[in-house]
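Data block below; observations after.
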Amino acid sequence: MRRLISACLCTGRKYELYSMDWDLKEELRDCLVAAAPYGGPIALLRNPWRKEKAASVRPVLEIYSASGLPLASLLWKSGPVVSLGWSAEEELLCVQEDGGVLVYGLHGDFRRHFSMGNEVLQNRVLDARIFHTEFGSGVAILTGAHRFTLSANVSDLKLRRMPEVPGLQGAPSCWTALCQDRVAHILLAVGPDLYLLDQSACSAVTPSGLAPGVSSFLQMAVSFTYRHLALFTDTGYIWMGTASLKEKLCEFNCNIRAPPKQMVWCSRPRSKERAVVVAWERRLMVVGDAPESIQFVLDEDSYLVPELDGVRIFSRSTHEFLHEVPVASEEIFKIASMAPGALLLEAQKEYEKESQKADEYLREIQELGQLTQAVQQCIEAAGHEHRPDMQKSLLRAASFGKCFLDRFPPDSFVRMCQDLRVLNAIRDYHIGIPLTYSQYKQLTIQVLLDRYSKPQDSGRRAVCGQASQPLLDSCGHCSSPVSLGSGRPELQAGVRLPSLSHLTLVPFTPSPARLVLRRLYPLAIQICEYLRLPEVQGVSRILAHWACYKVQQKDVSDEDVARAINQKLGDTPGVSYSDIAARAYGCGRTELAIKLLEYEPRSGEQVPLLLKMKRSKLALSKAIESGDTDLVFTVLLHLKNELNRGDFFMTLRNQPMALSLYRQFCKHQELETLKDLYNQDDNHQELGSFHIRASYAAEERIEGRVAALQTAADAFYKAKNEFAAKATEDQMRLLRLQRRLEDELGGRFLDLSLHDTVTTLILGGHNKRAEQLARDFRIPDKRLWWLKLTALADLEDWEELEKFSKSKKSPIGYLPFVEICMKQHNKYEAKKYASRVGPEQKVKALLLVGDVAQAADVAIEHRNEAELSLVLSHCTGATDGATADKIQRARAQAQKK
Amino acid sequence: MAFPHRLDAPELPDFSMLKRLARDQLIYLLEQLPGKKDLFIEADLMSPLDRIANVSILKQHEVDKLYKVENKPAVSSSEQLCFLVRPRIKNMRYVASLVNADKLAGRTRKYKVIFSPQKFHACEMVLEEEGVYGDVSCDEWAFSLLPLDVDLLSMELPEFFRDYFLEGDQRWINTVAQALHLLSTLYGPFPNCYGIGRCAKMSYELWRTLEEEEDGETKGRRPEIGHIFLLDRDVDFVTALCSQVVYEGLVDDTFRIKCGSVDFGPEVTSSDRSLKVLLNAEDKVFNEIRNEHFSNVFGFLSQKARNLQAQYDRRRGMDIKQMKNFVSQELKGLKQEHRLLSVHIGACESIMKKKTKQDFQELIKTEHALLEGFNIRESTSYIEEHIDRQVSPIESLRLMCLLSITENGLIPKDYRSLKTQYLQSYGPEHLLTFSNLRRAGLLTEQAPGDTLTAVESKVSKLVTDKAAGKITDAFSSLAKRSNFRAISKKLNLIPRVDGEYDLKVPRDMAYVFSGAYVPLSCRVIEQVLERRSWQGLDEVLRLLNCSVTKEDKASSESLRLILVVFLGGCTFSEISALRFLGREKGYRFIFLTTAVTNSARLMEAMSEVKA
């Protein structure tokens, strides 16, 4: 193995990430290889199909961490694979020759399968690329018919067949997927021509400033951000420019005509330097703006993985990182650098040696007023160092420098210490995620821990720091359970970078949940605790993921899983048991899901899953428990569609709350259903009421109304409510009668009450009819008398009234006559009746007609104290003075006795 | 009159914040639909809206024209229509018909429905069924608490009563829980909770869940409101059914106070125009008489008038400077007071005209007889005559219900004959009204109740207390019996009369019913506050059914601010009674009600009227 020195050549440097002790059975060149960027895993599949004769042995698909630890290994039993690639969710996409795509998890668990369409199936897949857009991961396919089919997002599969390239006879010499303005394109090279395929058209394009004499393009590479494009021609000439091909950035002639194995961009974001790494069998060349290239010799088969800020290169024995040296590091480590950071580092070293030179260096920086800058440089440079001892010495220098600054905000220093601890922990061989500081910042801590998508971030943080916190180079260890076979949490869409076998691939926004995906729950929790992330954002989520993983352990009983989960999670805020239960259901463990739901404190959360699991009745009772009527209603509608009508009604019957809710709805929206509901329940009382309501709300014609009433009466009989039945029958009679009255007498009778009907008759002078009606409907005497009295007084038919009063003894007495006459202001008539009022009400009657004096006499005669005071209260002013005196005298007399 | 509060009585919290919150949210919602728009408002929401945001505020936020949601096609020509409605199915049908009419006419506009106080799934369902779900955007205006007065918050949901107590519909309970949650977030946690009734229990539990879900927000805050009482209206129908005789209650019974204001007709204003008057603590005259027994009001007003006159009269003999002072400082206040005084005097006269007639005296006498439970026969025939004479359908119903509840159901003979009479007087559709009243437990037949009691007592001897309680629950929910007589005895609701009850200087809360009856709801609160728990009230609780308690004594001893929540509405008499209790004992009560109600509103809610 060739040791790689930290080769510091003008702008690029390379250092070793891991020495790989994966026990590769095959040569890399014999395998399909895919490595996910952001320090992602590596998948290998020996490619027996490439050989002329298909080997009889089935190949093995192996997945390794970036440090070469085996994560999964499984026998490939499906068809020939053309291409491998990692999706944004760190799922392995295996594109088969027939256009089928098999999706595996990080641990080799089969996820799902989808097809790229019939056209692909017929013409077979010639070549495939997995690429990344801001929406997710896409697959582009070149078919045997030299047509392209692509899907920009495999989690929301929409196939697009690209237009034909005119005159294309054979396969293009090279091609790539581009992503511009949120749309995926294909760029392909045929001989000396380049074509850009978009959804609707195929257009020929020419790179600006391309050197003449090109007869074929051998390789092309798009940068990580889709901004830049590099073309390698058969003349050994490399064109580098913008992805639109409109602007040339630089060019280089390497004089090697052999087609390179791989070509990738190597540049860091926002850097002015452009560099492309080209790999042949035994040679690696970094070319850029400079007239000279940097060359390395490759001892072994190597693979390039483009990263955000560099290139990872792995081979059988090593895993290295090649990148442009960051400005801060360059300033400090440049030979004989006089940058403030370099001086500070020097000063600190001297200080440790207890040399007075420390002071000299320090003074030098201070005189230039660059101490703040020096500290910042050291902090920033520490971030870009891979080796903890280098990080430490830089941070020590920063810490030393800070002592001489009055006001230096401490957070940048503290944060860098924290970040580095986290980075060192995950870079550990056992974990194997060799993230650089820039990648880590782009990825964010949330994504590192457990999120699947991340906010579009851009900003770099200003580097400055204070506070002296001891820096430890490695965070606590962590056991990393690596088991094969069983699944890991499903993930939603996000974006994640892959690298593809031969060609460069260009991804965009990164994302997935690194540690959780690798089932490194303890480490994730330790990091959360170390960074003091709020529980809800940190530990709770990790625990929830752990629980989701736990439910997939099929060999453990439902009981035990549920208990284990509850023990660990308890009432941790932010943990949703229903989510975990949903996962359990997803694994086909319905019983476990129900058990887990029991721990869910919010019954509202339980309902949707229960419905999904077809436990609608349980869902109904949970919804009712929640008290959320909307939820109940949702379940009801679900039940209504799921069950037949009879069963639905039966279910309702046992749930009064749901029943009344549904009734309310039916009352306004589905009257017929309401009737059926009552029928089903044999609720004749309500059924009767229903028809009564119909008789005056829904029906117009009198026959219809009577019929409705008849139905109602029958229902009431069934309900043993004779009273209502009789009343309804009376009403039917009355309706018919009123109709007849309207026909015969004219006027309006329909819908009057019995009382009002009789009154109307009397007012119309139809006394006979009125009496007949009163007899027919057995109107009590008292009511009839009141009724007649009021009606006649209203008519002011005093004569008739008097006749009536004498027709027989009044059942209501005569006081009402007095009252009613007085109401009509007819004192004269009133007085007539006052005399006929019985003795106990005489006083009242006399007072009503205003005869206070006589009232007094009667009261005195009755010797009734209450009556006396009543009269007295009516004595007003001078007119009744004598009467008042009289009463007072009588009172006095009564008292004497 | 108008007793001052004790010095140690706490200050009321400032509820105007609730108005601001509601206004800001409404404005936010209106701005979600930028540009000119026409606003359709449901009639029921107009008055509450008026208290929150007036027309000029609406106009500021680009509301062009205002329409009432009615059952007729809209004439609006705006390109954007916004509907502000209660979540009712009929409103959805209205919106749907508008949208569909536009579709037929080939017109596309923007539609937005704002539900207040919340959206119901059923409403969206209807929109979907009518095929307009995609055309309409929905939003919620969580405006559930309207401060009608310094101590009175109303949810303005009169339909709560019918929906819950008649139809058994629990939709609004969530709204209540949300409202309580809002109050506790704004004004700190409530250490002590007491509740009576099923609805109270459910609201309480839902509310607790809400609080738990949003843990930490109220934690650690110092409580302001020490106690909260949740009362179901069906726990005490009696009080709500009685004729009111305190001034505010009388005004409500006579003129109907709507959303804190009343329309006084020409008979009050003694002009040809009617006058809308806002009735709350800001009306100085009203504030002094609102809680008074009516018999005192007139005397007070005339005294006030004389004082006022005297103050006016001071003008005479003033020199120029004094006069200037008087005009600039006092005159405006005096004029204002004068105006108010004349309004209330007018109202009093109008009430007197209606109420001092013999009929009213008789009515009150009958009510008192019913409350005390004597002369039942006489009362029954009074009611019968009342019906026969078609005095008032609502009044008759009220009396029948009062009779039924106080007597634990009517005897079968009366039950039939009164109903027959009623149907003859007011029409057969009231068969449905009676069926409603029976379901709500307002008007029932006596017979089955007795047998139940027998079974019940046997059962309770056999099994443990707790189980017995459950069984009692089950039984009483079957027959919703009222047990009024027993409760009345236990709680001493009918004060013993020795001599004349001095209505001028009341000695207990009975003054709100002329000294004849202490409102049950208020008495329960009084007792719990006195005993600082339910202790000793076990029997009453058993009779009242279903209760909740959460006590946290330590932190609340000194808290004398009490929130009383009436589920299904409260009457002004109850408010007056509790205000009186507060003054006596140094508490301050805050009232939260689903709506202010009275006997007529309760009866109307139960009545079936021809559409």
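Restricted to Cα positions, what overall size does region A:623-663 have along the principal axes? Three whole-Å values, descending.
26, 17, 16
Mind checking the angle between helix A:798-807 and chain A's longest principal axis? C-alpha axes, 0 to 90 degrees, to the nearest 10.
Its long axis makes an angle of about 80 degrees.
Residue by residue through region A:761-778, what is 3J(HN,Hα) from phi via Karplus (6.51 cos²θ - 1.76 cosθ + 1.60, θ = phi - 60°)? Round to whole Hz and write x for glycine and proline.
4, 5, 4, x, x, 9, 4, 4, 4, 4, 5, 4, 4, 4, 5, 4, 9, 6
Could you tell me what percent of the DSSP beta bridges with both partners in chain B are antiparallel, to the nearest 5?
25 percent
Quick query: amide H of A:Gln262 versus all other amide H atoms, modeled in the peptide plane; which residues come in under 5 Å with a sequence gap of 5 or more or a different chain?
HN-HN under 5 Å from A:Gln262: A:Ala279.
For A:Tyr530 and A:Glu598, FRET efficiency with R0 = 51 Å and r from the beta-carbon atoms, rounded to 0.05?
0.90
Could you give the spread of the C-alpha atoms of region A:144-267 along their three principal axes, from largest to smallest, in whole angstroms?
43, 34, 26
Report, by chain and number, residues whose modeled amide H sits under 5 Å from the one on A:Val205, excluding near sequence neighbours (fewer than 5 apart, same chain).
When sequence neighbours closer than 5 places are left aside, the close amide H contacts are A:Leu194, A:Tyr195, A:Leu196.
Can you give the local net charge around A:Ala347? Use residues other than it whose beta-carbon is closer than 14 angstrom to its beta-carbon, Lys and Arg +1, Asp and Glu -1.
Once positives and negatives cancel, what remains is -2.
Relative contact order for chain A: what percent, with Cα pairs under 8 Å and sequence separation of 6 or more?
Over chain A, the number comes to 8 percent.
I need the trypsin sites (Lys or Arg not before Pro) found in region A:351-446, filtered to DSSP loop residues with at most 13 other beta carbons within 10 Å of theirs.
A:Lys353, A:Arg407
What ranking do B:Arg398, B:Arg162 get, fewest neighbouring Cβ atoms within 10 angstrom at the top?
Neighbour counts put them in this order, fewest first: B:Arg162, B:Arg398.
Can you list, bin by bin at 20 Å, the percent of alpha carbon pairs in the protein assembly as shown, starting at 0?
In order of increasing distance, the bins hold 7, 24, 27, 19, 14, 7, 2, 0 percent.
Would you mind checking A:Lys640/A:Lys675; A:Lys14/A:Lys349; A:Lys675/A:Lys718; A:Lys809/A:Lys832; A:Lys844/B:Lys355; B:Lys258/B:Lys419 for any pair whose Cα atoms are more than 20 angstrom apart?
A:Lys14/A:Lys349; B:Lys258/B:Lys419
In whole percent, what relative contact order does chain B give with Cα contacts below 8 Å and a gap of six or more residues?
Reported relative contact order: 21 percent.
Go through region B:1-78 and name the chymotrypsin sites (Phe, Trp or Tyr not before Pro) that are in a DSSP coil and have 15 or fewer other Cβ atoms within 10 Å of their Cβ.
Those that pass, being in a loop and sparsely packed, number zero.
Taking neighbour counts of Cβ atoms within 10 Å as a proxy for exposure, in what order, fewest first, do A:Thr883, A:Thr372, A:Thr876 appear?
Listed from fewest to most nearby Cβ atoms, that is A:Thr876, A:Thr372, A:Thr883.
What does DSSP give for the protein assembly as shown in terms of the percent of beta bridges that are antiparallel, rounded to the nearest 5?
75 percent
Counting alpha carbon pairs within less than 8 Å and at least 6 residues apart, what relative contact order, in whole percent, applies to region A:631-704?
Across region A:631-704, relative contact order equals 21 percent.
For all pairs of alpha-carbon atoms in region B:68-215, what percent lies in each bin of width 5 Å, listed from the first bin to the last filled one?
Histogramming region B:68-215 at 5 Å steps yields 2, 8, 15, 18, 16, 13, 10, 8, 5, 3, 1, 0 percent.
Taking neighbour Cβ counts within 10 Å as the exposure measure, how do B:Val548, B:Val176 sort from fewest upward?
Going from sparsest to densest Cβ surroundings: B:Val548, B:Val176.
With the convex hull built on the Cα atoms of chain B, state its orientation-averaged projected area in nm².
33.1 nm²
Quick check: the distance between the Cα centres of region A:305-372 and region B:311-366, to the nearest angstrom?
91 Å
For a test of the definition: using alpha carbon positions, the gyration tensor, and the 1.5 limit on a/c, classify chain A as rounded, prolate or oblate.
Note, shape of chain A comes out prolate.
If we count every other residue with Cβ under 15 angstrom of B:Asp50's Cβ, Lys/Arg +1 and Asp/Glu -1, where does the sum land?
Residues near B:Asp50 contribute +3 overall.
Cut-off under 14 Å on the C-alpha distance; same-chain residues fewer than 8 positions from A:Lys550 excluded. Which aspartates and glutamates are left, in chain and number order?
A:Glu490, A:Asp558, A:Glu559, A:Asp560, A:Asp579
Enumerate the calculated ³J(HN,Hα) couplings along region A:406-416 in order (Karplus 6.51 cos²θ - 1.76 cosθ + 1.60, θ = phi - 60°), each rounded to whole Hz, writing x wherever the residue is Gly or Pro.
So the Karplus estimates, Gly and Pro as x, are 6, 10, 10, x, x, 5, 5, 5, 4, 5, 5 Hz.
On a straight-distance basis, which lysines could pair with A:Lys896 in a cross-link, Cα separation under 17 angstrom, same-chain partners fewer than 8 positions away excluded?
Within the straight-line cut-off, A:Lys896 pairs with A:Lys886.
Going Cα to Cα from B:Lys365, which aspartates and glutamates come in below 13 Å? Please leave out same-chain ones fewer than 8 positions away.
B:Glu378
Have a look at region A:769-897 and give its Rg and Dmax from the Cα atoms, expressed in angstrom.
Calculated on Cα positions, Rg and Dmax stand at 17.7, 60 Å.
Report, largest value first, the span of the C-alpha coordinates of region A:250-361 along each principal axis, in whole Å.
Result for region A:250-361: principal-axis Cα extents of 58, 34, 24 Å.
Pick out, in residue order, every one of the GluC sites (Glu not before Pro) in region B:1-80 that is DSSP loop and has at most 11 other C-beta atoms within 10 Å; say none if there are none.
The qualifying sites are B:Glu11, B:Glu70.
Along region A:524-534, what does the Karplus equation 6.51 cos²θ - 1.76 cosθ + 1.60 (θ = phi - 60°) give for ³J(HN,Hα), rounded to whole Hz, x for Gly and Pro?
My calculation for region A:524-534 gives 4, 5, 4, 5, 4, 5, 5, 7, 6, 5, x Hz in order.
Non-local amide H neighbours of A:Asp428 (under 5 Å, H modeled in plane, Pro and chain starts lacking H): which ones?
Here A:Ile433 satisfy the definition.
So which of A:Lys622/B:Lys110; B:Lys304/B:Lys489; A:Lys158/B:Lys36; A:Lys726/A:Lys782; B:Lys354/B:Lys490 end up more than 31 Å apart by C-alpha?
Exceeds cut-off: A:Lys622/B:Lys110; B:Lys304/B:Lys489; A:Lys158/B:Lys36; B:Lys354/B:Lys490.
Any read-out appearing in this document is the output of simple, stated calculations on the displayed coordinates, not a laboratory observation. Since we're looking at a predicted model, the values are computed, not measured. Don't worry about glycine lacking a Cβ; one is built from the backbone with ideal geometry, like all the others, and counts go over all protein chains shown.
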